Every structure is written in structure tokens, then in C-alpha cells.
Amino acid sequence: MKKIKKIIKFVLIAFVIVFFLSWIIYFFNLDMKASVYLKKLMDKVYDMRKRDRRL
């Protein structure tokens with residue numbers, strides 16, 4: 001019985017932590033801020049490629 005309570009407690013604590021982390025990411029719009037940063041990095045990589053401009 002102690003093991004089951006321990007497992008339930010662990011799952012509940014993990015769920016609460018994940019919930020609050022996702023709420024913070026949503027509230028401060030951190031996912032969109034990260035995507036802007038990643039887009040800048042991807043643009044640099046894309047711009048460094050040599051292009052074949054022949055028709």
C-alpha cells in the first residue's frame with residue numbers, strides 16, 4: 001500500500017510541475033519567442049548554401 005501511495009504521489013507531483021511549466025510557457029509566449037530565434041538560425045544556414053541559378 002505504501003508503494004502505491006508513493007507512486008501516486010510521484011505522478012501527481014510530476015503532473016503539477018508539468019502543468020505549471022506549460023502554463024508559464026503559454027503565459028509568457030515563450031514558444032513563439034523561441035521559434036523566432038530558431039528561424040533566425042535556420043535563415044543563416046539557408047543563406048549560406050550555394051545556389052544553382054541556371055535555368
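Quick notes
- Test: residue in region 32-46 that is outside any helix (DSSP H, G or I), of a type in the set (D, E, K, R) and free of Cβ contacts under 8 Å to residues at least 40 places away in the same chain: no
- Residues of region 1-51 satisfying the condition of being within 20 Å of the chain's Cα centre (by Cα) and among the aromatic types (Phe, Trp, Tyr): 15, 19, 20, 23, 26, 27, 28, 37
Read-outs throughout are calculated quantities, based only on the coordinates presented, and are distinct from any laboratory measurement. Keep in mind that what you see is a predicted model, and the values were worked out from it rather than measured. Note that we place each Cβ from the backbone using ideal geometry, even for glycine, and neighbour counts take in every protein chain shown.
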